[in-house]
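This report refers to the structure that appears directly beneath it.
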Amino acid sequence: MSIIKFDPQQMERIEEFLDGVPDPETMTQAQLEEYREKVESSIDTLNDLEPKNENSEIYDQWADLHEGLEDILDDILDYLD
């Protein structure tokens, strides 16, 4: 497994993406599928960026962002069902 150097700018890009996701209720089926793939990819990227120190402010930010992505993914999956 390769090690990815922690880069706060990666987290900022994911946060900006998350802030820009439309309400799943207003999305078409095709948009839901597209955003499902994008959110899953963002979760994978974020997992690779997980800070080692769980007792740090950056870890808390990472965890909040991870939770936000999981929440939107759950919403999208609900609308796809």
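Structure notes:
- Of everything listed in (1) open to solvent by less than 80 Å² (accessible area, probe 1.4 Å); (2) among the acidic types (Asp, Glu); (3) in a loop (DSSP other than H, G, I, E, B), the single unmet condition for GLU33 is (3).
- Selection count where residues are in a helix (DSSP H, G or I) and free of Cβ contacts under 8 Å to residues at least 12 places away in the same chain, scope region 20-30: 3
- When residues of region 39-60 are limited to those that are open to solvent by less than 80 Å² (accessible area, probe 1.4 Å) and among the polar types (S, T, N, Q), the one farthest from ASP75 (Cα to Cα): SER56
- Subset tally (residues that are surrounded by fewer than 15 Cβ atoms within 10 Å (Cβ to Cβ) and more than 16 Å from GLU15 (Cβ to Cβ)) for region 61-76: 1
The values are calculated or read from the model by the stated rules, or taken from the named source; none is laboratory data. Since this is a predicted model, take the numbers as computed values, not measurements. Glycine also receives a Cβ, built like all others from the backbone with ideal geometry; neighbour counts cover every protein chain displayed. When the accessible area is computed, the model is the full protein with side chains, heavy atoms only, and any ligands, DNA or RNA have been set aside. Shrake-Rupley method; radii C 1.70, N 1.55, O 1.52, S 1.80 Å.
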